[in-house]
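The values are calculated or read from the model by the stated rules, or taken from the named source; none is laboratory data. These numbers come from a predicted model, not from an experiment. Cβ atoms come from the backbone with ideal geometry, glycine included; neighbour counts cover every protein chain shown. We work out accessible area using only protein heavy atoms, side chains counted, and drop any ligands, DNA or RNA first. Shrake-Rupley method; radii C 1.70, N 1.55, O 1.52, S 1.80 Å.
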Amino acid sequence: MSRLVMKFGGTSVADVERIRNVAAHVKREVEAGAEVAVVVSAMAGKTNELVAWCKEAGSHFDNPEYDAVVASGELVTAGLLALVLKEMGLKARSWAGWQIPLITDDAHGSARIEKIDGRNLAEGFQRGEIAVVAGFQGLHASTNRVTTLGRGGSDTSAVALAAAIGADRCDIYTDVDGVYTTDPRVVPRARRLDKVSFEEMLEMASLGAKVLQERSVEVALMHKVRLYVRSSFDDPAHPRLGTLICDEEDIVEQQIVTGIAFS
Ligand code: ADP
Ligand code: ASP
Ligand code: MG
């Protein structure tokens, strides 16, 4: 049986209608026989709203209470998606970071993942349950505090989870249909790439291409996670695979310049 991590970003879960569309993508993979863990972001705009409230309250970025507030956005999406999946007749449950548990250091606001115990999720798979995981968040064990992984951190939650549960693939579903030579929203002539090497993706991400959080690419490279960037807006019945992030050797025709990133 194959095991899959599917991650959906903020635009893909912006309202309940879009969450239903996400559920249709998940249903397709479950019906094809995969064990699925879904990682979700907060609904579009929610994290910005929560951050603004923290600023208004006078909280500092490294404050554990900042993390307690901003981690809440992902909890809402995880619960809503689990509800919708159950409504469709599938078995599912939501997981907060601390329930898994996904253990991090105590760098509040940009915590690093130290360990993920995949056993609870695996027991859920045995029961035929889809795991719906709140991205972006973890637990610092000795202080018993919720942490967050930095903006865009659900990508890193997804890739690290894929490594921890030995997933065959990690699909990052977003609002573009893959990685382009540069940001396609800024440069309409940008070209979609079928494959990008881990190293090139790392450079693009570190230079401002926010399609993947830089740390997620580091984790994928380190643990050799098979990683795709693809669109959640494709028809769930006829999805395209998007862009594969892979080893340099797997790309036959290496070009000198792959892409341009900017911030
Ligand atoms: P999500 O909410 O799904 O995590 P993000 O907004 O974080 O999505 O990332 C997707 C966005 O990344 C795209 O809408 C696009 O504007 C931007 N982007 C920047 N550089 C690139 C690139 N080289 N290829 C594709 N998308 C890019
Ligand atoms: N919701 C968080 C953010 O907006 C994490 C993520 O979407 O990946 O940065
Ligand atoms: Mg993102």
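Brief remarks on what is shown
- Classification of region 1-143 by its C-alpha gyration tensor yields an oblate form. The axis ratio a/c (a ≥ b ≥ c) is 1.5 or more, and b/c is at least a/b.
- Average Cα contact separation per residue, the chain, under 8 Å, 6 or more apart, as relative contact order %: 20 percent
- A simple spin-label model places the labels of Asp106 and Asn144 1.4 nm from each other, with each point 7 Å out along Cα-to-Cβ.
- Taking every DSSP helix (H) stretch of at least 4 residues in the chain, weighting each as -39,500 (n - 2.57) and dividing the sum by the residue count yields a mean residue ellipticity at 222 nm of -10500 deg cm²/dmol.
- Shown is the FRET efficiency for Asp175 and Arg127, computed with R0 = 41 Å from the Cβ-Cβ distance and rounded to the nearest 0.05: 0.80.
- Per residue, the chain exposes 47 Å² of accessible surface when a 1.4 Å probe is rolled over the protein heavy atoms with every protein chain present.
- With the simple model of a label 7 Å out from the Cα in the direction of the Cβ, Glu87 to Gln255 spans 4.3 nm.
- Size-normalised alpha-carbon gyration radius of the chain, reference 2.2 N^0.38 Å: 0.96
- Links that overshoot a 28 Å alpha carbon limit, given the list Lys46/Lys195; Lys86/Lys210; Lys91/Lys224; Lys86/Lys224; Lys7/Lys46; Lys46/Lys86: Lys46/Lys195; Lys86/Lys210; Lys91/Lys224; Lys86/Lys224
- Here the accessible area of region 167-263 is 52 percent carbon and sulfur, with a 1.4 angstrom probe and all protein chains present.
- Structure remark: mean-square fluctuation, Gaussian network model of the chain, C-alpha springs under 10 Å; the largest value among Val225, Val146, Val187 belongs to Val187.
- Stretched out straight at 0.36 nm per residue, the stretch from Lys55 to Arg240 would grow longer than its current Cα-Cα span by 62.6 nm.
- A simple spin-label model places the labels of Gln99 and Val186 3.9 nm from each other, with each point 7 Å out along Cα-to-Cβ.
- Counting only protein heavy atoms and a probe of 1.4 Å, the accessible surface of region 7-128 is 51% carbon and sulfur.
- Within the chain, percent of DSSP bridges classed antiparallel, to nearest 5: 30 percent
- Potential lengthening between Glu114 and Phe233 on full extension [0.36 nm per residue; Cα-Cα distance subtracted]: 39.5 nm
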